[in-house]
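Quick note: the coordinates plus some simple rules give every number you see, no bench work behind them. Owing to the predicted nature of the structure, the values given are computational and were not obtained by experimental measurement. For neighbour counting, all protein chains shown are included, and Cβ atoms are generated from backbone atoms with ideal geometry for every residue, glycine included.
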Amino acid sequence: MGICFLLLIVGVCWAQYDPNTEAGRTSIVHLFEWRWVDIALECERYLAPNGFGGVQISPPNENVIVTDPWQPWWERYQPISYKLCSRSGNETEFRDMVTRCNNVGVHIYVDAVINHMCGTNAGAGDHATCGSYFNAKTEDFPAVPYSGWDFNDGKCKSRSGDIENYHDISQVRDCRLVSLLDLALEKDYVRSKVAEYMNYLIDIGVAGFRIDAAKHMWPGDVKAILDKLKDLNTKWFSAGAKPFIYQEVIDLGGEPIKGSDYFGNGRVTEFKYGAKLGTVIRKWNGEKMAYLKNWGEGWGFVPSDRALVFVDNHDNQRGHGAGGASILTFWDSRLYKMAVGFMLAHPYGFTRVMSSFRWPRSFVNGRDVNDWVGPPSNSDGSTKPVAINADTTCGNDWVCEHRWRQIKNMVIFRNVVDGQPFSNWWDNGSNQVAFGRGSKGFIVFNNDDWNMNVNVQTGLPAGTYCDVISGQKEDDRCTGKEVHVSGDGMANFQISNNAEDPFVAIHVNAKL
Ligand code: QV4
Ligand code: CA
């Protein structure tokens, strides 16, 4: 970071790899499809007090309104304009959310859909969330404005105009992703309209961007847009701070386009992470947790400081995008908590926690025919508020994984151990493993089909620690298990393979 900082001074180096979270906050949460008013409340009442660094929000720009199927979640990935109105709220509510979250140190990361506009089959009219007129057939979007000149038609060489072959690099960039009208991002006019949208958000106070469908844009075109971006708003960020950039590039290997093609612009989503971790925790294909000893670059992932990591995302938790059946989600809650716990304890990558809504999954021939279903909504199509129950869980079919004690406590664990090295690895050659983070934290898993009773070196100072998985430290007592670390750092861990959560985590801020 030293050289980068120096280069930053001369305005050369882009610090867009830096998540721009407040010091000591090391994760963001994707509040998928949440309304702006609810996100503002969650920042103040839950995310700030529990050390979350920020929120990835759903695309805030005007999108097409799809009626068949009825208002699917994915209509928000079909832009009609860059006006800030969507099912999550209007511009006033958006501004209020950014201000209130920033004021409590929780930053906002925008899902920027800038590769395309709506699908060719979106028709024409004003069925869009701000009521703007558009005509997909004539590629007319007067609310931007974009016209036929601003799309890739002539450049695409595939028969259908859609991407047909992911081994043809030009098709992937210049043809339509599932028929979505593909913007001509080599044109300065288009780059300027996109940059204008992103700068408008930067002025409001956002901290960075998820670049949707980055794989479908030439890295140089993305760079040209990023070079037009302003520094972050100094009301909340230091002068010269650059927007955090993480690009959605699905690279599971086997395609010519690689995540590393995009390192010049910022971080990339490492999809191998969730796919592999799901396979290991499910113990499929002979995988076992003992193999996680060299987790990270050792497994062929991108370098840690270029990685945005997650167990599942809004696509692959419902069979879209990449990762397949191995992806763990809230539907597999016991294994999911282990996977998220492992991710948050391990130093690799910058971590994003998923927070979902429940939908009526319905499998026909192995495929969920309800994978399109949108967020919990009222009869008028408006999204339901996030109700908070007395036990701090969410109602109205919002899953709120980020509020599950085990996950919330591991977000805090990651903050406590920030900067500490991966240390004191132990395994039984099967699925009982343990590792520490220097002298600040330690975690132990039993994913074997038999009990665990071991004495291991934790690296922690002597004392009595509260397990933050089965409970937590409240006042001066543990509500769950206690772990006694002796003077030489050794501790005994007993974990039944039938335990509700067969893992234990301790850290120095949960010490009696
Ligand atoms: C369908 C057919 C097309 C046909 C078209 C027109 O599939 O072949 O040409 O009709 O008749 C929705 C529908 C899809 C439909 C399309 C256009 O699901 O069936 O095409 O609209 O009408 C989300 C959903 C998509 C959805 C899209 C737009 O996942 O199903 O398509 O939004 O509404 C690749 C990319 C990766 C991408 C991933 C899903 O490399 O970047 O696929 N992930 C991101 C987002 C994702 C989003 C998009 C990209 C598009 O995470 O949520 O797709 O912005 O791996
Ligand atoms: Ca494209």
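Extents of the range 238-304, taken as max minus min of Cα coordinates on every principal axis and listed largest first, are 49, 31, 17 Å. By the Stokes-Einstein formula, at 0.890 mPa s and 25 °C, the range 188-234 with its Kirkwood radius over alpha-carbon pairs has D equal to 221 µm²/s.
Report relative contact order for the range 144-289 in percent, whole number only (criteria: Cα-Cα under 8 Å, sequence separation at least 6).
Taking the mean separation of contacting Cα pairs over the length of the range 144-289, I get 18 percent.
Both numbers refer to the Cα atoms of the chain; Rg and Dmax are 23.1, 74 Å. Helix 91-103 versus the longest principal axis of the chain: what angle, 0 to 90°, nearest 10, using Cα atoms? Computed tilt is about 30 degrees. Here r is the Cβ-Cβ distance between Ala23 and Asp203 and R0 is 35 Å; the resulting FRET efficiency, rounded to 0.05, is 0.90. Along the axis of the charge dipole computed for the range 1-154 (Cβ charges of +1 for Lys and Arg, -1 for Asp and Glu, origin at the Cα centre), the listed residues Thr138, Gly53, Phe32 are led at the positive end by Gly53.
Seen through its C-alpha gyration tensor, with square-root eigenvalues sorted a ≥ b ≥ c, the range 319-422 comes out oblate because a/c lies at 1.5 or above while a/b is not bigger than b/c. The angle between the Cα long axis of helix 333-345 and the main principal axis of the chain comes to about 90°, on a 0 to 90 degree scale. Under 29 Å of direct C-alpha separation, and excluding same-chain neighbours fewer than eight residues apart, Lys230 reaches these lysines: Lys83, Lys187, Lys193, Lys215, Lys242, Lys258.
Note down the magnitude of the dipole of the chain about its Cα centre, charges +1 on Lys and Arg C-beta and -1 on Asp and Glu C-beta and zero elsewhere, to the nearest 20 debye. Provide the component values of the computation, followed by the final result.
Numbers: 51 positive and 60 negative charges, 147 e Å.
Dipole about the Cα centre, nearest 20: 700 debye.
Under the shape rule built on the C-alpha gyration tensor, where the axes satisfy a ≥ b ≥ c, the range 119-271 is oblate, since a/c reaches at least 1.5 while a/b does not exceed b/c. Direction-averaged projected area, Cα convex hull, the range 379-512: 10.5 nm², rounded to one decimal.
For Asp96 and Asn497 in one chain, what is 0.36 nm times their gap in residues minus the Cα-Cα distance, to one decimal in nm? Here the answer is 139.7 nm. Excluding same-chain neighbours fewer than eight residues apart, the aspartates and glutamates reachable from Lys228 by a Cα-Cα span under 17 Å are Glu186, Asp188, Glu196, Asp203.
Which trypsin sites (Lys or Arg not before Pro) does the range 260-302 hold that lie in a coil by DSSP with at most 16 other beta carbons within 10 Å? If you can, show how the numbers build up before the last one.
On the way: sites: Arg267, Lys272, Lys276, Arg282, Lys283, Lys288, Lys293; in loops: Arg282, Lys283, Lys288.
Answer by residue number: Lys283.
Among beta bridges from DSSP that stay inside the chain, the antiparallel ones total about 60%.
For Leu177, what is the net charge nearby, where nearby means another residue's Cβ is under 12 Å from its Cβ and Lys, Arg count +1, Asp, Glu -1? Walk me through the numbers before you get to the answer.
Numbers: positive: Arg173, Arg176, Lys215; negative: Asp162, Glu164, Asp174, Asp182, Asp212, Glu248.
For residues surrounding Leu177, the net value is -3.
Along the positive direction of the dipole of the chain (beta-carbon charges: Lys, Arg +1; Asp, Glu -1; about the Cα centre), which of Tyr465, Ala112, Gln247 reaches farthest? The residue sitting most towards the positive pole is Tyr465.
Partners of Lys283 within straight-line reach, counting lysines whose Cα lies under 26 Å from its Cα and excluding those fewer than 8 residues away in the same chain: Lys272, Lys293, Lys337, Lys408. Each residue, Val37 and Lys283, gets one label point 7 Å from its Cα in the Cβ direction; the gap between the two is 4.8 nm. In plain terms, the chain from Ala387 to Glu164 could stretch by 76.0 nm, reckoned as 0.36 nm per residue minus the Cα-Cα distance. Contact order for the range 351-442, expressed relative to its length and based on alpha carbon pairs under 8 Å spaced 6+ residues apart, stands at 19 percent. Once both labels are positioned 7 Å from their Cα atoms along Cα-to-Cβ, the gap between Trp331 and Asn294 label points is 3.4 nm. Between 0 and 90 degrees, the angle of helix 188-204 with respect to the longest Cα principal axis of the chain falls at about 50 degrees.
How much mean residue ellipticity at 222 nm does the chain get from its helices, if each DSSP H run of length 4 or more adds -39500 (n - 2.57) and you divide by all residues, to the nearest 500 deg cm²/dmol? Don't skip to the end; give the middle numbers.
Values: 9 runs with 95 residues, N = 512.
It lands at -5500 deg cm²/dmol.
Mean sequence separation of contacting Cα pairs (under 8 Å, at least six apart), scaled by the length of the chain, corresponds to a relative contact order of 12 percent. In the range 1-155, Rg over Rh equals 1.06, where Rg is the alpha-carbon radius of gyration and Rh the Kirkwood radius from pairwise Cα distances.
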